[in-house]
Amino acid sequence: MDVLATALPALGDAWALILQPVVLGYLVLGVVMGLAVGVFPGLGGIAGLSLLLPFMFGMEPVLGLALMIGMVAVVPTSDTFASVLMGIPGSSASQATVLDGFPLAKKGQAARALSAAFTSSLFGGLVGALFLTIFILVARPIVLAFGLPEMLMITILGLSMVAVLAGRVALKGLAAAGLGMMIGTIGEADAGGSLRMATYDIPYLTDGLALVIVGLGIFAIPEIVSLLRQDRSIAKDAKLGAGWGEGVKDWVDNKWLSVRCSLIGVLVGIIPGLGGSVVDWIAYGHAVQTTKDKSNFGKGEIRGVIGPESSNNAKEGGGLVPTLLFGIPGSGSMAIFIGAIALLGSGDIEVGPAMLRDNLDITYSIVWLLALANVVGTLLCIAASGGIARLTTIRFTYLAPFLFMLISFAAFQSGQNFEDLLALFVIGLIGIFLRRFDWSRPAFLIGFVLSNPVEKFSNQAFQIASFRFRSSFEEGMAYIFSPIVIVLIIVTVVSVVLGIRQAKSIMAEGDVQAGSKRAPLVFLLIIAGYLVSALINANAIPDFNMTDKIVPLVVGGIALACCLILLAQMILRPETDTVFADKERAGEDADAPYGLWSTLAWFAGLIVATWFVGFILALLGFLIAFLRVRAGASWALTLILTAAGIALMCVMAGALNRDFPPGLLQDVVDLPWPLT
Amino acid sequence: MTIKTLSSAVAVTALLAFPAFAEVDFSGETVEWVIPFSETGGSAKWANFFAPLLSEQLPGNPTVVVKFMPGAGSTKGANWFQEQEHEDGTLLFGTSGSTQFPFLLGDPRVRYEYADWTPVMASGTGGVAYLNPKDGAKFDGSANALQDIDFIYGSQGATRLDLVPLLAWEMLGMNVEPVFGIKGRGDGRLMFERGEATIDYQTSSGYLGASADLVANGQAVPMMTWGALDEDGNIVRDPTFPDIPTFKEVCEATDGCETSGEAWDAWKAFFVAGFPVQKIAFLPAGTPDDVRDAYVAAFEAVRSADGFSELAAKQVGKYPVFVGEGAARATVAGTTVSDEAKAFVQNWLQEAYGVSLN
């Protein structure tokens, strides 16, 4: 009752603070800015918040909070546009949405998918806020109960979703996840600083690959290239089916799924150090396991959209707990948020344990501003979704050059290196072949995302456990097998068993025909070759840095074993077996009027030209050439579209104070912005 | 007179005249303050704190924007800055202890040279080490009773700022086992709160933000600060924590710990580089004196403005901000260590943690 006595007045104060016209005005302003930034893939809340920072100095606290929270809250909402309409995962929060959202768009049901997604986001956000209002007062001991073994188990639970998403040949899914994990270990190890598949001569590799680049490469590039080859619109026959009302109805039909996934989102969100990377996969896995007819997953199942979207906005609320209670940011944007709060007003608000005691009203304002921002953002998004869905009826050849432009820009923002573009291309190539030969791309991505947490948590938990065991056996066992860990182990085992049974009916890549033996075999040998060299490389790390080599060795070994079994299967089985699945044999890709390499050459051309003359000049040439030659547009249209594209890039980069990749030309002569 | 000779004559006159008439004025320009870390770290906070203040004080009130160039623990950004030359005075660069340590330890990736750059402002911080309550009860101003206990410490890496606490504990004869791979001191504190780690340290702002609460609740016992430097370069009590003894005092009270000799010299050298002179703002090589003076004057005005010290105490801690000559002296102190100290630390890293920097 003590808790209630302090909470209720604070809650009342918080509402009085929020419900002022000027505060709501700032909130709407923040929401609109957040939507504008969020629709561009790869930028996300960090770019937007950095933009706001200079204005925060000395600003009235509640106004500054309204502006910032408006912006942060809607990024996971608005990035749904890119994932549903274009198959581009806008941020780590919307990876799983791509799996079913994009197929729905292809069926002409983009508006339905979008409005279902937005309604789920709204609901998730509200559930998150409601839950937090009570929970934030008692959360501290619960958050502290999640030690390293518990976090490791949650990561493994996330990883176990590979079982659901492995595809028709489970071994291939497992190998894809293993490959993703191995790619995730590239660079300097966190623990001992050893280099894995990297050298100091290529500084780019020592930092490892960014999630944005891998997400874009694995999901966006293969889809863009495939649609471009088919020379059609995203929605088949350029027709729009179900409208936005349908999507809201879908959500009503699945409201309990939405409730459960929202709670998953909040609960996983409050654990510091895990962040958003696992939430949407766990929610997606849950949606699959609770659906009777699983045959539509991967082909456009609305529940596959509602699940992850309910969880990802709820997660933002959950993420506030470690941020506000411990002063530990759950994500990059939260880190800037903490810094910005200290600039507000007279600088009295200090995020951390004192926040609940001294500024409970501000804490509640933050929680409910977040909920309110979700409402405003969702309404704006739903209102816009019908119109924006029309993009899917445009002939894709007119969209593709702009998508190449956007993803190149997004990739470059992750590290501001020319190598970002090269990495995007190489990962894109891997994505194209994973898709072609029916190796599960979601499994690959889950592996990549969870590679670092698995390695970090297992090493650290092992170190501390061995320390506990040294003092006594009981103490060690109590540390590793806490009640939470045991529950998580049970959940994981059940999920894996169910997942393996269901995996065959969930075809993330659709039904792929088998063809000749040669191409799939060559691809398998290339992957096995990479794994072998990565294993040799990891093995060369000296033994005193065991923490840096053990995970690559174990994971790489398992992945290689899968590849060897697959190799044996390929040798023994006839070429009609599913293990030889190849999209170039039959179906859309095989019938496409354009070849893979000639299509990819356009993208390669943009990158090569950037290396010589810098991004904007390269883009100028690329857009004109592409629209004239490939799309066959008139000169007038070509010039108008090119100008519009370049103007969009310049406005966006200018507003966010971002640079473009320079080329050799810029080394020689000084050019004015944006040509630099 | 042809147009060509006329124009070159004008150009020559202009060049000759420039230094004499030049009045540094940044009206309508944008100063870029490049930070070689991500948007989320302490250096970002530091630059974001100073940027609007600097903008107010520079002639012509240019917009000061903070740009981030993370990579290879700041080595990438610092190598980039090494290649920049003075153009129009609108480029500023901020380094941190994580930029200084690889430089001091001879990391093969370092291609930058602090002596080439023009320091205009430097500021520091302090650090506090603390213990869990059970072992903290045995602490009596010396570490004598802590020498047979095994401690666990969540560490970001032995070659980072953590070098200073790890070496200090080692010198006190304590057995501290670092668990490497955490991403920030906040994660280390959380590990301590969960009881997984049994010893921890925070920089001043981190300690004030959350660890002080733990101490007040009896969940942690402060052990020592790293101290602060006086005018003559002696280690004295940290002005932010006058009641907590310094490592120097604890070392003197502890059997087997010496405040002279090569271990002490090495520790002190890296402490100076990592704490009292932690963050430095530089102009690029070849910056003319008038531009430097404009920045020095602006930072001087920032530093002496009303209410600055209260504002700074909350944001970046109650520590001196050096400008101009003071910043230059601080930079020399923070970026030079003797060959003996360097060799000692390199050897210790190799023996204790198997870290080889070659």
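The values are calculated or read from the model by the stated rules, or taken from the named source; none is laboratory data. All figures in this text were calculated on a predicted structure; none of them were measured in a lab. Here Cβ is always computed from backbone atoms with ideal geometry, including for glycine, and neighbour counts include all displayed protein chains. Surface areas here come from the heavy atoms of the whole protein model, side chains and all, with no ligands, DNA or RNA. Shrake-Rupley method; radii C 1.70, N 1.55, O 1.52, S 1.80 Å.
Condition (residue is more than 24 Å from residue A:418 (Cα to Cα), open to solvent by 20 Å² or more (accessible area, probe 1.4 Å), outside the structural domain of residue A:411 (by TED's automatic domain parsing) and not β-branched (Val, Ile, Thr)) applied to segment A:610-629: is it met by at least one residue?
yes
Across segment A:235-266, which residue is nearest to the chain's Cα centre (by Cα) among those that are at pLDDT 85 or above and open to solvent by 70 Å² or more (accessible area, probe 1.4 Å)?
A:260
I'd like the full set of residues that are within 8 Å of another protein chain (Cβ to nearest Cβ), open to solvent by less than 30 Å² (accessible area, probe 1.4 Å) and without any contact (Cβ under 8 Å) to a residue 60 or more places away in the chain, limited to segment B:49-63.
B:51 - this is the single residue of segment B:49-63 that is within 8 Å of another protein chain (Cβ to nearest Cβ), open to solvent by less than 30 Å² (accessible area, probe 1.4 Å) and without any contact (Cβ under 8 Å) to a residue 60 or more places away in the chain.
Among the residues of segment B:88-99, is any open to solvent by 10 Å² or more (accessible area, probe 1.4 Å), over 27 Å from residue B:267 (Cβ atoms) and away from every other protein chain (no Cβ under 12 Å)?
Yes.
Enumerate the pairs (first residue in segment B:68-94 and more than 20 Å from residue B:38 (Cβ to Cβ); second residue anywhere and among the acidic types (Asp, Glu)) with beta-carbon separation below 9 Å, excluding pairs fewer than 6 apart on the same chain, so at least 6 apart or on different chains.
Sorted first by the residue in segment B:68-94, then by its partner, the pairs are B:82/B:113; B:82/B:116; B:87/A:670; B:88/B:29; B:89/B:29; B:89/B:290; B:90/B:29; B:90/B:32.
Please state which of the following conditions residue B:219 fails to meet, knowing it meets all the rest: (1) touching a strand residue (DSSP E or B) at 6+ places or on another chain (Cβ under 9 Å); (2) at pLDDT 90 or above.
Tallying (1) touching a strand residue (DSSP E or B) at 6+ places or on another chain (Cβ under 9 Å); (2) at pLDDT 90 or above, residue B:219 fails exactly one: (1).
Taking helices (runs of 4 or more DSSP H) that do not extend beyond segment A:1-119, which have at least 1 residues that are crowded, with 19+ Cβ neighbours inside 10 Å and modelled with pLDDT of 85 or more?
Those helices (runs of 4 or more DSSP H) span A:21-38, A:61-86, A:95-106.
Could you check how many residues of segment B:136-149 are more than 30 Å from the chain's Cα centre (by Cα) and either in a strand (DSSP E or B) or within 20 Å of residue B:215 (Cβ to Cβ) (or both)?
The total comes to 5.
For segment A:174-189, indicate whether the set of residues that are farther than 30 Å from residue A:302 by Cα, touching a strand residue (DSSP E or B) at 6+ places or on another chain (Cβ under 7 Å), open to solvent by 20 Å² or more (accessible area, probe 1.4 Å) and assigned by TED's automatic domain parsing to the domain that holds residue A:416 is non-empty.
Taking every residue of segment A:174-189 in turn, at least one turns out to be farther than 30 Å from residue A:302 by Cα, touching a strand residue (DSSP E or B) at 6+ places or on another chain (Cβ under 7 Å), open to solvent by 20 Å² or more (accessible area, probe 1.4 Å) and assigned by TED's automatic domain parsing to the domain that holds residue A:416.
With B:282, B:271 as the choices, which residue is outside any helix (DSSP H, G or I), touching a residue at least 40 places away in the same chain (Cβ under 8 Å) and under 14 Å from the mean Cα position of the chain (by Cα)?
Exactly one of B:282, B:271 is outside any helix (DSSP H, G or I), touching a residue at least 40 places away in the same chain (Cβ under 8 Å) and under 14 Å from the mean Cα position of the chain (by Cα), namely B:282.
Let's see how each residue does on (1) free of Cβ contacts under 8 Å to residues at least 60 places away in the same chain; (2) in contact with a Pro (Cβ under 8 Å, 6 or more places away or on another chain):
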residue: A:613; (1), (2): yes, no
residue: A:617; (1), (2): yes, no
residue: A:644; (1), (2): yes, no
residue: A:652; (1), (2): no, no
residue: A:660; (1), (2): no, yes
residue: A:669; (1), (2): yes, no
residue: A:675; (1), (2): no, no
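As an exercise: evaluate residue A:139 against (1) outside any loop (DSSP other than H, G, I, E, B); (2) surrounded by 23 or more Cβ atoms within 10 Å (Cβ to Cβ); (3) small (Gly, Ala, Ser) and give the number of the one condition it does not meet.
Tallying (1) outside any loop (DSSP other than H, G, I, E, B); (2) surrounded by 23 or more Cβ atoms within 10 Å (Cβ to Cβ); (3) small (Gly, Ala, Ser), residue A:139 fails exactly one: (2).
Quick check on segment B:255-268: of everything there that is free of Cβ contacts under 8 Å to residues at least 24 places away in the same chain and open to solvent by less than 60 Å² (accessible area, probe 1.4 Å), which residue is nearest to the chain's Cα centre (by Cα)?
It comes out as B:259.
For segment A:203-233, give me the residue count where each residue is assigned to a helix (DSSP H, G or I), among the aliphatic types (A, V, I, L, M) and within 13 Å of chain B (Cβ to nearest Cβ).
Here the count works out to 1.
Any idea how many residues of segment B:184-236 are free of Cβ contacts under 8 Å to residues at least 40 places away in the same chain, part of a loop (DSSP other than H, G, I, E, B) and within 8 Å of chain A (Cβ to nearest Cβ)?
Result for segment B:184-236: 1.
Given the criterion within 14 Å of another protein chain (Cβ to nearest Cβ) and under 30 Å from residue A:6 (Cβ atoms), identify the matching residue among A:420, A:358.
Result of the check over A:420, A:358: A:358.
Would you please name the residue that is surrounded by the most Cβ atoms within 10 Å (Cβ to Cβ), looking only at residues in segment A:534-548 that are part of a helix (DSSP H, G or I) and at pLDDT below 90?
A:548
So, in segment A:570-580, how many residues would count as being open to solvent by 40 Å² or more (accessible area, probe 1.4 Å) and either in a loop (DSSP other than H, G, I, E, B) or closer than 13 Å to residue A:175 by Cβ (or both)?
The total comes to 4.
Any residue at all in segment B:143-152 that is farther than 21 Å from residue A:467 by Cα, away from chain A (no Cβ under 14 Å) and of a type outside the set (Val, Ile, Thr)?
yes
How many residues does segment A:248-300 contain that are of a type in the set (S, T, N, Q), closer than 21 Å to residue A:87 by Cα and not in a loop (DSSP other than H, G, I, E, B)?
2
Can you confirm whether residue A:474 is more than 14 Å from chain B (Cβ to nearest Cβ), among the acidic types (Asp, Glu) and open to solvent by 10 Å² or more (accessible area, probe 1.4 Å)?
yes
What are the residues in segment A:387-419 that are open to solvent by 40 Å² or more (accessible area, probe 1.4 Å) and farther than 20 Å from residue A:631 by Cα, if any?
A:387, A:388, A:414, A:416, A:418, A:419
Would you check which residues across segment A:514-533 are charged (D, E, K, R) and either closer than 16 Å to residue A:175 by Cβ or buried (at least 19 other Cβ atoms within 10 Å of the Cβ) (or both) and list them?
None - no residue of segment A:514-533 is charged (D, E, K, R) and either closer than 16 Å to residue A:175 by Cβ or buried (at least 19 other Cβ atoms within 10 Å of the Cβ) (or both), so the list stays empty.
Got a sec? Which of A:645, A:605, A:654, A:663 is under 16 Å from residue A:409 (Cα atoms) and within 14 Å of chain B (Cβ to nearest Cβ)?
A:654
For the subset of segment B:172-183 comprising residues that are part of a strand (DSSP E or B) and of a type outside the set (Val, Ile, Thr), which member is farthest from the chain's Cα centre (by Cα)?
Ranking the qualifying residues of segment B:172-183, first place goes to B:175.
Can you tell me which residue among A:587, A:556 is touching a residue at least 24 places away in the same chain (Cβ under 8 Å), of a type outside the set (S, T, N, Q) and surrounded by fewer than 18 Cβ atoms within 10 Å (Cβ to Cβ)?
None of the others qualify; the one that does is A:587.
Does residue B:287 count as open to solvent by less than 30 Å² (accessible area, probe 1.4 Å) and part of a helix (DSSP H, G or I)?
So residue B:287 fails the test.
Restricting to segment A:303-327, and then to whatever is more than 30 Å from residue B:212 (Cβ to Cβ) and open to solvent by 10 Å² or more (accessible area, probe 1.4 Å), can you tell me which residue is farthest from the chain's Cα centre (by Cα)?
This residue is A:303.
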